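The values are calculated or read from the model by the stated rules, or taken from the named source; none is laboratory data. As the structure is a prediction and not an experimental result, all values here were calculated from the model. A quick note on method: Cβ atoms are made from the backbone with ideal geometry, for glycine too, and the neighbour counts reach across all protein chains shown.
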Amino acid sequence: MRQVFLIHAHKDLDQLNALVAQLCDPDFAVYVHLDRKWRLDTASVHPLARQVEPRIDVRWGGYSQVQAMLGSLRRVLAAERAFDKLVFLSAQDFPVLSNSGLKRELARLEGRELIEATPIGPGGWRVAFRYQYFHREGGGRAARYACALLNRALRLAGRTRRLPGGLEPWGGSTWWSLSRSCVAELLAELDRQPALPRFFRNVLCPDEMFFQTLLMNSRFRDRVFPNNFRYVQWPEGGACNPRVLTESDVERVVASGAHFCRKLDHAASAGLRAQLLARQAREGNAGPCASGVP
């Protein structure tokens, strides 16, 4: 069964190319969206990667992240008429499993949607403020002032923003693996309900609730397996960014049962990457391009 990998990248060309090279397989297709801010020679990206246009200037915590995702997904679906899963990755991810191992695991999970999904609210993930008040990505002083006035008016009135159409809010990790039929239906729903993307333009970190909310309010919710099979190490103290993994993490990574691990840095994670490649080579299933970039 064909699998598609969509990678969003904003830095570390060597790490990106190592990831793409490892996914070199006749049953895999690899697409890459390059952040428009990233000044690089696009010809230096691994030739296996199909580059997605247009490039979006992606800003952390803003709707531009969702905008880049939607543009990439539409590009992939237009080009790929038949596949099982679309696996959404950061360029700082790396496979824990060999390509053969990934195929076996994705085949085992065929018919399931692999996404972290937690209800947002008092009994779940306490981040309702992200959508209940207006958040502005960029903009000048006037735009920020208008946003602050709107939020002050909401608080004085004892009101909050609500999702369009009475949708229940759900959230989780940005990174997931969804079936082609699921992605296609979610995009079609957005076309039918233009109020949804308009609403999310003023949400903080919308990439961590946009697809969860759409999916968990759709007929695909019963297919959700609430695990994205990513190994991540969060520092203590509530840091916003995962810790960069190193060779000392290899046993925990392998024992986790994850398909991918993150975050990797090409230099700092060189030992970890080498260990993972060595384990995959012992299986005889390492990606045929993984030893170097053509």
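Brief remarks follow.
- Of the residues in region 51-58, not one is over 16 Å from the mean Cα position of the chain (by Cα), in contact (Cβ under 8 Å) with a residue 24 or more places away in the chain and not in a helix (DSSP H, G or I).
- Matching residues, region 131-151, being not in a helix (DSSP H, G or I) and not small (Gly, Ala, Ser): 133, 134, 135, 136, 137
- Check on residue 111, assigned by TED's automatic domain parsing to the domain that holds residue 208, assigned to a loop (DSSP other than H, G, I, E, B), in contact (Cβ under 8 Å) with a residue 40 or more places away in the chain and not hydrophobic (A, V, I, L, M, F, W, C): yes
- So residue 187, is it in contact with a Lys or Arg (Cβ under 6 Å, 6 or more places away or on another chain) and in contact (Cβ under 8 Å) with a residue 60 or more places away in the chain: no
- Any chance residue 202 is under 27 Å from residue 85 (Cβ atoms), of a type outside the set (Ser, Thr, Tyr), touching a residue at least 12 places away in the same chain (Cβ under 8 Å) and assigned to a loop (DSSP other than H, G, I, E, B): no
- Top-ranked residue of region 216-232 - restricted to ones that are of a type in the set (Lys, Arg) and over 21 Å from residue 15 (Cα atoms), ranked as surrounded by the most Cβ atoms within 10 Å (Cβ to Cβ): 223
- Of residues in region 233-279 being free of Cβ contacts under 8 Å to residues at least 40 places away in the same chain, buried (at least 17 other Cβ atoms within 10 Å of the Cβ) and closer than 27 Å to residue 171 by Cβ, the one farthest from the chain's Cα centre (by Cα): 249
- Unmet requirement for residue 154, which otherwise passes all of (1) among the aliphatic types (A, V, I, L, M); (2) surrounded by fewer than 19 Cβ atoms within 10 Å (Cβ to Cβ); (3) assigned to a loop (DSSP other than H, G, I, E, B): (3)
- Hits in region 157-183 - residues which are aliphatic (A, V, I, L, M), assigned to a helix (DSSP H, G or I) and in the same structural domain as residue 232 (by TED's automatic domain parsing): 183
- Taken as a whole, the structure leaves residue 36 outside the set of residues that are assigned to a loop (DSSP other than H, G, I, E, B), within 17 Å of the chain's Cα centre (by Cα), modelled with pLDDT of 95 or more and not β-branched (Val, Ile, Thr).
- Considering residues of region 123-147 that are small (Gly, Ala, Ser) and within 14 Å of residue 209 (Cα to Cα) only, the residue surrounded by the fewest Cβ atoms within 10 Å (Cβ to Cβ): 124
- Restricting attention to region 59-78 and to residues that are touching a residue at least 40 places away in the same chain (Cβ under 8 Å) and of a type in the set (Gly, Ala, Ser), the residue that is surrounded by the fewest Cβ atoms within 10 Å (Cβ to Cβ) turns out to be 61.
- Conditions (1) buried (at least 18 other Cβ atoms within 10 Å of the Cβ); (2) under 23 Å from residue 62 (Cβ atoms); number of the one not met by residue 193: (1)
- Residues that are in contact with a Cys (Cβ under 7 Å, 6 or more places away or on another chain) and either assigned to a helix (DSSP H, G or I) or modelled with pLDDT of 95 or more (or both), drawn from region 246-294: 253
- Hey, residue 186 assigned to a helix (DSSP H, G or I), at pLDDT 95 or above and not assigned by TED's automatic domain parsing to the domain that holds residue 134 or not: yes
- Cross-chain or 6+ apart pairs with Cβ under 8 Å, region 125-151 first and over 18 Å from residue 171 (Cα atoms) and without any contact (Cβ under 8 Å) to a residue 40 or more places away in the chain, then of a type in the set (A, V, I, L, M, F, W, C) and not in a helix (DSSP H, G or I): 150/134; 151/134
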